[in-house]
2 protein chains.
Amino acid sequence: MKNSPPQEIGIGLIGLGTVGGGVAQLIKEEAARYERSTGKRLAIRRVLVRDAAKAKASGLVAADIVTADPDAFFATPGVDVVIEVAGGIKPTGDLVRRALNDGKPVITANKSLLATHGPELFALARAKGVHISFEASCGGGIPCILALTLGLQANNISGLYGILNGTTNYILSQMANAGQSYAEALKGAQALGFAEADPTMDVSGEDAKQKLCILASLAFGARIAPDKVPCEGIERLEKVDFNYGAEMGYAIKLLATAERWPGHQWVCVQVRPCFVRKSALIAQVQGGFNALSVIGHATGHTMYYGAGAGSLPTASAVVSDLLSTVSGVAGTAFANLRFAPDLNEEAPVVNTADTESPFYLRLKANDRPGVIAQVTRILGEHGVSISGVLQHTVAKGEAHVPLVITTHQVRQGTLEKAVAEIEKLEAIAEKPVILRIVELPA
Amino acid sequence: MKNSPPQEIGIGLIGLGTVGGGVAQLIKEEAARYERSTGKRLAIRRVLVRDAAKAKASGLVAADIVTADPDAFFATPGVDVVIEVAGGIKPTGDLVRRALNDGKPVITANKSLLATHGPELFALARAKGVHISFEASCGGGIPCILALTLGLQANNISGLYGILNGTTNYILSQMANAGQSYAEALKGAQALGFAEADPTMDVSGEDAKQKLCILASLAFGARIAPDKVPCEGIERLEKVDFNYGAEMGYAIKLLATAERWPGHQWVCVQVRPCFVRKSALIAQVQGGFNALSVIGHATGHTMYYGAGAGSLPTASAVVSDLLSTVSGVAGTAFANLRFAPDLNEEAPVVNTADTESPFYLRLKANDRPGVIAQVTRILGEHGVSISGVLQHTVAKGEAHVPLVITTHQVRQGTLEKAVAEIEKLEAIAEKPVILRIVELPA
């Protein structure tokens, strides 16, 4: 891309699914706009897919440029940039390596590849004098990577608080606003195409975790390996949690958080459902939308909101990266600013047990006298300070009654130890649900 | 800044007030971080101020680099970049021109200068082979200019909806949440330093208008002259408007809007207080914060939120621009992407009278029978379709009673004509208040 690039920029596109189709559509429909803006003409020269017949039938690109053969793809002359929107680690990782080894900059939407192999791939790009752009890997159409790498670069960032998965936010919104159960909301999300047939990657928090690792590595200038990040999904939430939350002024959000713990350089990175005060802006993010709150020492709180997935929103991020690549902006930033994790050490990640927070605790107890006394005694013995206890009248026919306890700031490990003891009480029916209470600044 | 920049980057700083002090503080305190990130050392070589004695006494920079003499400032050797945070058009405009003529890139927070002289200054920078960076001119610490110029560049943008002035948003928040009158809220804002002794620039909407012109010129790739932008302030709002709004599910926000009118290339640009549905994210922006909602054809709705003013937030934008300048990113973007208004034609701005919207209309009427009939008759004669009429019981001792009418979608010019006629009715006590009702997407 250096030294007077050609008037026409040849693109190799890997993947022609939801996002790839959106990329092809934008490049076709907005050709005049992009040419006017960059002075270059964009041309998709070759498309690599698994199922060539299906891709040819789609009509999204000319049939004669579609191939299922990687060798044919990489032998195509005049490819200046490779866009990878196929997803997955195998064989996609090897295709990205091959493009970089050929000296092509790569634009990718592949969160799982970057979260697990990012440092290696960034180093390869650097060695080959090219770059990797990856805005589309996190937050769909929201330019949040741009904000972290350029817009907020004057800041010492102390916290990221993200809603990074639209599927789970849709499910939580339905549970909160339409009073649906988790199973009902999941079924509805699947019917609308928001959730996959196997929703595990989304509802377990795994998808949000991968994105969080990418974002946190940029925010904190450090490598953050996904396998060290604790992650809890939304599967055990019940209507009653939303009801108690609402009563106390909280919404429930699956938050991906990365915080520099006060007083030292450790970073605490985790994904878990949290109580967030309803007046906090991020608590208002509804349905399939995503948002990222960033706390910088100079800016204070800034937030970035938008569609976190979908064909055209994600393609918007890919094509914006393409235009930044074509104009030399992305390559200059990658080469001259030290944000990519290949240049940084692994972050010292603090064990979540050693962090402190207020918590919400929901127990299912037999409806008999003395349970509250037993539970609060154990919490007291561990030094857990209680801020509130709520126990509504039990519904007819229910053998167990939810007992809700909120705590003041407490070491998470201490709380978990107390809860392990509480769990053994004969009166406690199932594993308690523990939600962190996160207080965000205005 | 081209051709292997020096290891040490010399900075000339114009202005050492609230923002300039923040810039000096960041460059001093975060020196190691910035050097690590860019590989360059930042050094403020000279500071130009009006009152040298005051600046020297501030201790923000070494006394011996402070001068009140522009000739001494521009004669300083080793200045690679000029930062202008003095504000105003005279003499600041000439200082910026001089820096550009000397071949220095300029980073500025000066909204009024750019809104009125932007095209000329950008053209001068281009002719001299340098660039102007101006993130700090709009939205304080929010990287919204970066979003429009790079992050969303794949999009055909159809709308901007911004809360671009923190002072007025603070006043509106106090009126909405604390039940204060306009006068009380303004006084409070002044006591807290949110509003100037002469608050006209803020409360009239003029400040928001200047920022809107800069943002809209980037979003629509066109020059937008402030003198063609209709602008209405918040001075005539009363508690009763907030009460009626709340009853109907709306918040009142001073919105700076720029919309591409459906069906043609015209842009409609205006600043005015609006009803915004309370469930819209932008309606939740409280106090001195700013937000910008952008509607792109690919991304859909994205929003950018944060502190819109203040020393360190604004300095964050200035210093982030500085780091982008030092790394070559800002210069590459300015030279190779066609966003700056010097390269674009003047936008065909549509007369707001020709646009359509639903509206809220508040009249003060004598409390006697028949007024509603008179008013609704006139609206009907003009073809204005009414969606609701509200008239609460009058407070004791009040001679006039507010009469509130909401309309369906109507041509603004038609409504204004009807209102001009209503205003002449004997029963109508003062000039009616007209608020636009803006429905934003999720």
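Every number here is computed from the coordinates shown, using simple stated rules; none is lab data. Owing to the predicted nature of the structure, the values given are computational and were not obtained by experimental measurement. Neighbour counts are summed over all protein chains in view; Cβ atoms, including those assigned to glycine, are modelled from backbone coordinates with ideal geometry.
Counting only DSSP beta bridges with both residues in the protein assembly as shown, the antiparallel share comes to about 65 percent. Note on A:ALA68 and A:ASP354: the model spin-label points, each 7 Å out from Cα along the C-beta direction, lie 5.2 nm apart. Distances between placed amide hydrogens fall under 5 Å for B:GLU84 paired with B:ILE14, B:ILE107, B:THR108, B:ALA109, all partners being 5 or more residues away or on another chain.
Residue exposure proxy: B:SER324, B:SER385, A:SER204, ordered by other Cβ atoms within 10 angstrom of their Cβ from fewest to most, comes out as B:SER385, A:SER204, B:SER324.
Were the residues from B:SER181 through B:ARG36 laid out at 0.36 nm apart, the gain over their Cα-Cα distance would be 47.1 nm. Relative to its Kirkwood radius, the Cα radius of gyration of the protein assembly as shown gives an Rg/Rh of 0.98. Working note: 222 nm ellipticity from helices only, DSSP H runs with n ≥ 4, each -39,500 (n - 2.57), summed and divided by the residues of the protein assembly as shown, gives -10500 deg cm²/dmol to the nearest 500.
Evaluated over the Cα positions of region A:98-200, the convex hull gives a direction-averaged projected area, one quarter of its surface, of 9.2 nm². Scaling the Cα radius of gyration of region B:1-132 by the globular reference 2.2 N^0.38 Å produces a ratio of 1.01. With K and R counted +1 and D and E -1, the other residues having a Cβ less than 13 Å from that of A:LEU440 yield a net charge of +2.
Residues whose amide H falls under 5 Å from that of A:ILE437, counting only those 5 or more places apart or on a different chain, are A:PHE275, A:PHE359, A:TYR360, with hydrogens built in the peptide plane. A P(r) calculated from all alpha carbon pairs of region A:144-305, with 10 Å bins opening at zero, reads 11, 40, 33, 14, 1 percent.
Working from Cα pairs under 8 Å separated by at least six residues, relative contact order for chain A is 17 percent. Can you compute log10 of I(q)/I(0) for region B:237-367 with the Debye formula, treating each Cα as one identical point scatterer, at q = 0.14, 0.15, 0.17, 0.23 Å⁻¹? So the normalised log intensities are -0.94, -1.04, -1.22, -1.42.
Placing one identical point scatterer on every Cα of chain B and ignoring solvent, what is log10 I(q)/I(0) from the Debye formula at q = 0.06 Å⁻¹? Scattering profile of chain B, log10 relative to I(0): -0.29. The trypsin sites (Lys or Arg not before Pro) found in region A:400-442 that occupy coil by DSSP, while having at most 13 further C-beta atoms within 10 Å, are A:LYS424. Counting, for every residue in A:306-312, the Cβ atoms of other protein chains within 10 Å of its Cβ and taking the mean gives 4. Distance distribution note for region A:355-437: the fraction of Cα pairs above 20 angstrom is 25%.
Rounded to the nearest whole Hz, the Karplus-based 3J(HN,Hα) values (6.51 cos²θ - 1.76 cosθ + 1.60, θ = phi - 60°) of region B:195-205 follow the sequence 10, 6, 4, 9, x, 3, 3, 7, 5, 7, x, with x at glycine and proline. Counting only residues at least eight positions apart within a chain, or on another chain, the lysines with an alpha carbon under 17 Å from that of A:LYS28 are A:LYS40, A:LYS56. The mean count of C-beta atoms from other chains within 10 Å of the C-beta of residues in B:313-322, rounded to a whole number, is 5. Across the residues of A:138-149, average count of Cβ atoms on other protein chains within 10 Å? Per-residue shielding by partner chains comes out at 5. Listed by chain and number, the lysines whose C-alpha is less than 25 Å from the C-alpha of B:LYS211, apart from same-chain residues fewer than 8 away, are B:LYS90, B:LYS104, B:LYS111, B:LYS187, B:LYS228, B:LYS253, B:LYS278. Estimated from the Cβ-Cβ distance and a Förster radius of 56 angstrom, the FRET efficiency linking B:GLN409 and A:ASP102 is about 0.50. Each label point was placed 7 Å from the Cα along the Cα-to-Cβ direction; for B:LYS28 and A:GLU398 their separation is 6.0 nm. Shown in residue order for region B:306-311 are the 3J(HN,Hα) couplings computed by the Karplus curve 6.51 cos²θ - 1.76 cosθ + 1.60 at θ = phi - 60°: x, 5, x, 7, x, 4 Hz (x for Gly and Pro). Toward the positive end of the charge dipole of the protein assembly as shown, with +1 on the Cβ of Lys and Arg and -1 on the Cβ of Asp and Glu, the farthest Cα among A:THR406, B:VAL276, A:ILE132 is that of A:ILE132.
Among B:VAL271, B:VAL276, a tally of other beta-carbon atoms within 10 Å of each Cβ gives an order, fewest to most, of B:VAL276, B:VAL271.
Remark: B:VAL269, A:VAL410 ranked as A:VAL410, B:VAL269, counting other beta-carbon atoms within 10 Å and listing the fewest first. Each Lys and Arg contributes +1 and each Asp and Glu -1, all at the Cβ; summed about the Cα centre of region B:353-437, the dipole is approximately 160 debye. For region A:386-391, backbone phi angles converted through the Karplus equation (6.51, -1.76, 1.60; θ = phi - 60°) give residue-by-residue couplings of 8, 9, x, 10, 10, 9 Hz, Gly and Pro being listed as x.
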